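J.: Sending over a structure as structure tokens; questions will come in a sec.
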Amino acid sequence: MRYRLTLCAVCFLIVSSAAYSQMIWPNPNPVGNTITVDTSRSNVANPFTNNGNIDIATTAKLTNAFGGTLNNDGTLNNDGTLNNAGTLTSNSFESTLNNDGTLNNAFGGTLTNNNGLTNAGTLNNAGTLNNASWLDNDGTLTNYGLIEITVSGYLSNQGTLNNYRTLTNASTLDNDGTLTNSIGGTLTNDGTLTNSIGSTLDNDGTIDTTNGTFTNYGTKTGSGHIEGSYIDHGDTQPGNSAGVMTINGDYFKVGGRKEVELGGHFHGDGDKSLTEYDWLDVTGNVELAGILHVHLIDGFELAEGMSFNFLRVGGTLTGQYDSLGEGDLVGNFSGQDLFITYAGGDGNDVTLFTVPEPTCDVNGDGSCDTVDIDAMSQNVIDGTATAADRNALIEGASPDGFNTYLGDSDLNGQFDEQDIIAAFIDGKYLSGDAAGWAQGDWDGNLRFDEQDFVQAIIAGGYLSGPRATAAVPEPSSFVLLGLGLLAFARRRG
């Protein structure tokens, strides 16, 4: 029994000695004194107050465990690893926390900066980071928890700032590097949020600036939401490749550029994630200026009759892009012209479009000719079009119609003897065989008989010249010619 007691006493002493050897001391650390942490595992006592200097070496690790308190009223320099699962506070006006290594503020941990925090290394926050003073990030700051910039705080990002959860700003957040607000991330700005020249702000989450000011001078990308107004002096690029940027507020495009990528003409049909081209969805008013740049991506090619409603405006639209008036040419892409209108969509959206395919190309073969009239006649017979549609095709102005008369077999714009002769040459008259426009079917029943002449007489286009200058002629010469040809045709039959 004595042996066992002695052994347990030794074990206790070893454990106690080992635990004690991991603690940094003295506590409190007095002004002018420097504690150098150079071991792989060191802890702070609870609570611990630093009035002097603490230097954590490159290969060393210092941990403030769960429930622990580390008050920094001096200078804390981390070149290794600093783990906080408790409460770490920089209190006095003379205190600073400099991180050139890795600083992990764990879930449940609270890191409070009341004077100054400089991060040139890696700062991972899964707990709460209260910033009531200046925080300079020249390294990588990644947030999986909560970052609060209070009314007395200031965050300057010249490195990389990644937000995956909640970042609130009641004062000033200046981005001079790369700021990414990822899917599921919320950046609430009740103060001033500025994306500076040469910097990038990528938002795939939500930026709520309803009670603040958000101004872009750099590059703004992403498919996220902006709640509130957005002032843009820089380069706005919706999506990451093709995508939709949603602004639930007003959009003031003061200058800079607007980038639009076209990778198809499908807008998503209610699912913005499926869009094949970039567009902005603005619920409020829009003021336009700046340069518009359009790019084709993913091997996409323009074709006739395409349109891209790339700026949808829920309120009023004022202004235009620089040097692009209503209907102006935006550019030529592989031989296809692309134009712009500020009266697209529901009347005040901004839309890119190519020249529409002429509606006279009824059969869709790329050309407008007599077989399109035949196709329209068949549509009328099938009930998919009306006689009025057929008349509009024949008499309507180009490019939607042929601007001619019944009887113009060769579609040269006028109805004369040559058209009647051409119709009889094919020998379809009263044959019962199918006949097209060029073969005398002018009334649309796909046969050539007396009714075609009757309809042509009633239309009054014979020898009237081009339709634009038509005058109703005397029908006598047409009647005589027609009767003669009818007699000729009957004798041959």
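J.: Considering (1) more than 30 Å from Phe66 (Cβ to Cβ); (2) surrounded by fewer than 22 Cβ atoms within 10 Å (Cβ to Cβ), say which one Ser152 fails and leave the rest.
T.: For Ser152, the failing item is (1).
J.: Right, here's the next one. Of the numbered conditions (1) open to solvent by 10 Å² or more (accessible area, probe 1.4 Å); (2) within 24 Å of Asn163 (Cβ to Cβ); (3) modelled with pLDDT of 95 or more, Asn240 satisfies every one except a single condition; which is it?
T.: Status for Asn240: all satisfied but (3).
J.: Applying the selection to region 389-410, what residues are in contact (Cβ under 8 Å) with a residue 12 or more places away in the chain and either of a type in the set (S, T, N, Q) or under 13 Å from Tyr462 (Cα atoms) (or both)?
T.: Hits for region 389-410 are Ser398, Asn403, Thr404, Tyr405, Leu406, Gly407, Asp408, Ser409.
Every residue, every condition in (1) among the acidic types (Asp, Glu); (2) modelled with pLDDT under 85, yes or no:
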site	(1), (2)
Asp419	yes, no
Asp433	yes, no
Phe448	no, no
Ile458	no, no
Tyr462	no, no
Ala468	no, yes
Leu485	no, yes
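J.: Please indicate, with yes or no, whether at least one residue in region 20-33 is modelled with pLDDT of 95 or more, open to solvent by less than 40 Å² (accessible area, probe 1.4 Å) and among the β-branched types (Val, Ile, Thr).
T.: So far as region 20-33 goes, no, none of its residues is modelled with pLDDT of 95 or more, open to solvent by less than 40 Å² (accessible area, probe 1.4 Å) and among the β-branched types (Val, Ile, Thr).
J.: Do the conditions hold for Gly191, that is, is it touching a residue at least 40 places away in the same chain (Cβ under 8 Å) and over 21 Å from Thr210 (Cβ atoms)?
T.: Working: touching a residue at least 40 places away in the same chain (Cβ under 8 Å): yes; over 21 Å from Thr210 (Cβ atoms): no.
So Gly191 fails the test.
J.: Please go through region 335-362 and give me each residue that is more than 24 Å from His293 (Cβ to Cβ) and of a type in the set (Phe, Trp, Tyr), ordered by number.
T.: Matches in region 335-362: none.
J.: Of everything in region 381-399, what is of a type in the set (A, V, I, L, M, F, W, C) and either open to solvent by 50 Å² or more (accessible area, probe 1.4 Å) or within 41 Å of the chain's Cα centre (by Cα) (or both)? Give them in sequence order.
T.: Residues of region 381-399 of a type in the set (A, V, I, L, M, F, W, C): 381, 385, 387-388, 392-394, 397.
Within region 381-399, Ile381, Ala385, Ala387, Ala388, Ala392, Leu393, Ala397 qualify.
J.: Another question, then. Here is a list: Asp204, Asp208. Which entry is closer than 17 Å to Gly228 by Cβ and touching a Ser or Thr at 6+ places or on another chain (Cβ under 6 Å)?
T.: Numbers: Asp204 fails: closer than 17 Å to Gly228 by Cβ.
Criteria check complete, one pass: Asp208.
J.: So, one more: If a residue must be assigned to a helix (DSSP H, G or I), acidic (Asp, Glu) and surrounded by fewer than 18 Cβ atoms within 10 Å (Cβ to Cβ), how many such residues does region 449-464 contain? Reasoning before the result, please.
T.: Residues of region 449-464 assigned to a helix (DSSP H, G or I): 450-459.
After this cut, where a residue has to be acidic (Asp, Glu) as well, the list is 450, 452.
Next, from what is left, pick out any that are surrounded by fewer than 18 Cβ atoms within 10 Å (Cβ to Cβ): 450.
Number of matching residues: 1.
J.: Another question about this same structure. Can you say whether Thr172 is open to solvent by 50 Å² or more (accessible area, probe 1.4 Å), at pLDDT 95 or above and within 30 Å of Asn285 (Cβ to Cβ), as far as the supplied structure shows?
T.: no
J.: Continuing with this model, one more query. Which one of Thr246, Thr215 is hydroxyl-bearing (Ser, Thr, Tyr), over 17 Å from the mean Cα position of the chain (by Cα) and surrounded by fewer than 23 Cβ atoms within 10 Å (Cβ to Cβ)? Let's see the steps before the verdict.
T.: Values: Thr246 fails: over 17 Å from the mean Cα position of the chain (by Cα).
Step by step, each of Thr246, Thr215 is checked, and only Thr215 is hydroxyl-bearing (Ser, Thr, Tyr), over 17 Å from the mean Cα position of the chain (by Cα) and surrounded by fewer than 23 Cβ atoms within 10 Å (Cβ to Cβ).
J.: Taking strands (runs of 3 or more DSSP E) that fall entirely within region 257-367, which contain at least 2 residues that are surrounded by 16 or more Cβ atoms within 10 Å (Cβ to Cβ)? Can you show your working first?
T.: Working: elements: 257-262, 279-282, 286-288, 291-296, 307-313, 317-319, 329-333, 336-344, 349-353.
Per the criteria, 257-262, 279-282, 286-288, 291-296, 307-313, 329-333, 336-344, 349-353.
J.: Next question, about the same structure. List the residue pairs whose Cβ atoms are under 9 Å apart, where the first residue sits in region 260-274 and is of a type in the set (S, T, N, Q), the second is open to solvent by less than 90 Å² (accessible area, probe 1.4 Å), and the two are 6 or more positions apart or on different chains.
T.: Partner pairs satisfying both residue conditions: Ser273/Ser223; Ser273/Gly243; Ser273/Val244.
J.: Given the condition surrounded by fewer than 20 Cβ atoms within 10 Å (Cβ to Cβ) and either of a type in the set (A, V, I, L, M, F, W, C) or without any contact (Cβ under 8 Å) to a residue 12 or more places away in the chain (or both), answer yes or no: does some residue in region 131-138 qualify?
T.: The answer is yes, given that some residue of region 131-138 is surrounded by fewer than 20 Cβ atoms within 10 Å (Cβ to Cβ) and either of a type in the set (A, V, I, L, M, F, W, C) or without any contact (Cβ under 8 Å) to a residue 12 or more places away in the chain (or both).
The values are calculated or read from the model by the stated rules, or taken from the named source; none is laboratory data. Since this is a predicted model, take the numbers as computed values, not measurements. Neighbour counts run over all protein chains shown; Cβ positions are idealised from the backbone, glycine included. To get the accessible areas, we keep the full protein, side chains included, count just its heavy atoms, and leave off ligands, DNA and RNA. Shrake-Rupley method; radii C 1.70, N 1.55, O 1.52, S 1.80 Å.
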